[in-house]
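The values are calculated or read from the model by the stated rules, or taken from the named source; none is laboratory data. The shown structure was predicted, so the numbers you read here are calculated from the model rather than taken from an experiment. Don't worry about glycine lacking a Cβ; one is built from the backbone with ideal geometry, like all the others, and counts go over all protein chains shown. For the accessible areas, the whole protein counts, side chains as well, though only heavy atoms, and no ligand, DNA or RNA atoms are used. Shrake-Rupley method; radii C 1.70, N 1.55, O 1.52, S 1.80 Å.
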Amino acid sequence: MFRLFGRRMRIQGRPLLLLTTFGAKSGKRRQSTLAWFDDEPPRPDAWLIVASAGGAATHPAWYVNLARRPADVSIDVAGARVAVEPRSLEGEERERAWTRVVALAPGYGPYAVKTDREIPIVRLTRKT
């Protein structure tokens, strides 16, 4: 579906990317369709994604896979496959990004109230 309609589809008004990871335990290829946000300042080689899992008590499986096998992450975005390096934002950098995410897509706001965990925001940067 992503390959057919991904460029036109949106979640909470945001463009989508297809994240490819490999299972932390199984080693199998896994794909997840996610909304993405521009980095600040906007960069053509970086995308921010949110590991909200709809406010669930646990991190989404794709986040666990990404954390355990960061060298094997890629995305399909704007018709191109891109090898990326993931990095979870921390501290003030994460707080600024979270504030921006909620301003652009208010539906994310309640997720932080539904869970005790801090919702990770991950910067995906194009590998050189």
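If I go through segment 28-74 residue by residue, how many of them are among the aromatic types (F, W, Y), outside any helix (DSSP H, G or I) and open to solvent by 30 Å² or more (accessible area, probe 1.4 Å)? Show your work before the answer.
Step one: of segment 28-74, the residues among the aromatic types (F, W, Y) are 36-37, 47, 62-63.
Those still in the list that are outside any helix (DSSP H, G or I) too: 36-37, 47.
Those still in the list that are open to solvent by 30 Å² or more (accessible area, probe 1.4 Å) too: 36.
Total meeting the criteria: 1.
Among the residues of segment 98-128, what is the count of those that are touching a helix residue (DSSP H, G or I) at 6+ places or on another chain (Cβ under 6 Å) and in a helix (DSSP H, G or I)?
6
Quick one: which of A71, A78, A57 is farther than 20 Å from T128 by Cβ and out of contact with any Leu (no Cβ under 6 Å at 6 or more places or on another chain)? Steps first, answer last, please.
Details: A71 fails: farther than 20 Å from T128 by Cβ; A78 fails: farther than 20 Å from T128 by Cβ.
Being farther than 20 Å from T128 by Cβ and out of contact with any Leu (no Cβ under 6 Å at 6 or more places or on another chain) holds for just one of A71, A78, A57, which is A57.
Restricting the search to segment 81-112, which residues are among the hydroxyl-bearing types (S, T, Y) and over 21 Å from T128 (Cβ atoms)? Step through it out loud before you land on a result.
So the first thing to find is which residues in segment 81-112 are among the hydroxyl-bearing types (S, T, Y), and the list is 88, 99, 108, 111.
Scanning segment 81-112 gives T99, Y108, Y111.
Which residues, counting only those in segment 84-97, are in contact (Cβ under 8 Å) with a residue 40 or more places away in the chain and part of a helix (DSSP H, G or I)?
Matches in segment 84-97: R96, A97.
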